[in-house]
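Single-structure report; data block below.
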Amino acid sequence: MKHLLILAALAASTLHAEIGLISVADAKKLIENPDASQRPIVLDTRGGYKDYFRGHLPTAHHINFDTLRGTDAAVPVQYLPDDLTKALLVRAGVDKDRLHLVYATGEKLPNDEVLSTSMVVYVLEKFGVQNIKVVDGGIAEWKKQGFEPGRDYFGNPPGHLPEKDNKGVSANVKDVQAHVGKAGNVLVDARPLNEFIGDDDVWLRKGHIPGAVSFHWARLMETDNTHKFKPFAEVKAELEKAGITADKNIICYCGTSREGSLLLFYLKHVAGYPNVRLYEGAWKEYVWLEGKSLPAETGGAAAGK
């Protein structure tokens with residue numbers, strides 16, 4: 001009876017909290033609900049399918065994050081058209097009436113698997129899904145707490161998406177151009193500082209969008225587990241020093257949108273900032289547009305340090 005009361009309390013809290021974080025202990029209780037119809041949809045977003053085979057959260061359906069992107073108009077890793085995305089989400093069992101637990105894994109940098117999770121959460125949110133929890137610490141924390149990973153495959157039945165989407169969470173290049181330089185607006189580049197200043201071997205063009213500030217996504221995460229989020233109280237002063245505050249209209253971006261999606265998730269759903277969007281085309285699109293002529297800047301420093 002006590003176990004059922006705990007499950008009922010957890011279910012009630014997740015219904016009201018909407019998008020946010022959940023501990024591995026609470027996730028485990030929900031996954032093990034004796035009533036299968038009340039269990040959450042569990043999504044493993046890791047790009048490496050062999051990692052899923054090696055072990056995953058029980059009842060996890062593997063949805064490789066990069067299946068949601070592809071080359072469009074020559075630009076790589078652009079988000080797929082809506083009809084294709086919806087078909088993939090339905091196939092993964094995403095459902096308007098269910099709670100979704102989403103996770104990958106974490107370790108010290110350069111491990112960045114959590115970005116696959118924040119990207120999938122962004123896509124779910126954009127398509128109107130409201131009840132989503134990121135499993136704080138991912139499967140690394142699951143194992144650390146002594147919980148056994150599963151090995152059996154699991155596939156969700158087809159889901160049902162909400163009728164109303166939430167495209168207001170996304171921004172395009174025109175939105176970014178209109179945003180920069182206006183009072184009360186902040187454009188945040190979530191990439192590592194070396195990429196922001198233009199010291200990299202990755203990008204077609206070097207630097208960042210003029211007017212952007214640099215705030216690397218990993219500054220929000222625990223050092224020994226890049227899937228575990230620092231409490232807002234620990235980073236609040238650093239964000240404020242960087243000018244990234246709750247009263248601002250914020251657009252986040254990065255190289256391909258994954259790092260920016262984590263910044264969006266943290267600011268909006270952990271810190272509670274009301275006005276945050278993601279430029280999903282990201283730097284890889286920006287540098288290609290209009291014959292590679294859009295302005296770019298190099299140099300700079302990390303904001304808030």
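The values are calculated or read from the model by the stated rules, or taken from the named source; none is laboratory data. Worth saying up front: this structure is predicted, and the values here are computed from it rather than measured. Neighbour counts run over all protein chains shown; Cβ positions are idealised from the backbone, glycine included.
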Worksheet item: What are the residues in region 193-217 that are in a loop (DSSP other than H, G, I, E, B), surrounded by 21 or more Cβ atoms within 10 Å (Cβ to Cβ) and in contact with a Phe, Trp or Tyr (Cβ under 9 Å, 6 or more places away or on another chain), if any?
Response: G207, I209, A212, H216
Worksheet, complete the sentence: Of L262, L267, L239, the only residue that is within 19 Å of N185 (Cβ to Cβ), in contact (Cβ under 8 Å) with a residue 60 or more places away in the chain and not assigned by TED's automatic domain parsing to the domain that holds Q78 is L239
Worksheet item: Within the set of pairs 6 or more residues apart or between chains, which connect a residue that is at positive phi and not assigned by TED's automatic domain parsing to the domain that holds E259 inside region 279-305 to a residue that is among the β-branched types (V, I, T) and surrounded by 16 or more Cβ atoms within 10 Å (Cβ to Cβ) with Cβ atoms less than 8 Å apart?
Response: G299/I197; G300/I197; G304/I244
Item to complete: Tell me which residues, restricted to region 273-305, are surrounded by 15 or more Cβ atoms within 10 Å (Cβ to Cβ), part of a loop (DSSP other than H, G, I, E, B) and not hydroxyl-bearing (S, T, Y).
Response: N275, E280, G281, V287, W288, L294, A296, G300, A303, G304
Fill in: Given (1) within 30 Å of I209 (Cβ to Cβ); (2) more than 13 Å from the chain's Cα centre (by Cα); (3) part of a helix (DSSP H, G or I), index of the condition L115 fails
(2)
Worksheet item: Restricting region 32-57 to residues that are surrounded by 18 or more Cβ atoms within 10 Å (Cβ to Cβ) and more than 26 Å from L84 (Cβ to Cβ), which is farthest from the chain's Cα centre (by Cα)?
Response: R39
Worksheet item: Is it the case that region 216-229 has a residue that's under 20 Å from E285 (Cα atoms), in contact with a strand residue (DSSP E or B) (Cβ under 8 Å, 6 or more places away or on another chain) and not assigned by TED's automatic domain parsing to the domain that holds Y122?
Response: yes
Discussion item. Going residue by residue through region 218-234, is there one that turns out to be surrounded by 14 or more Cβ atoms within 10 Å (Cβ to Cβ), in a loop (DSSP other than H, G, I, E, B) and touching a residue at least 60 places away in the same chain (Cβ under 8 Å)?
Written reply: no
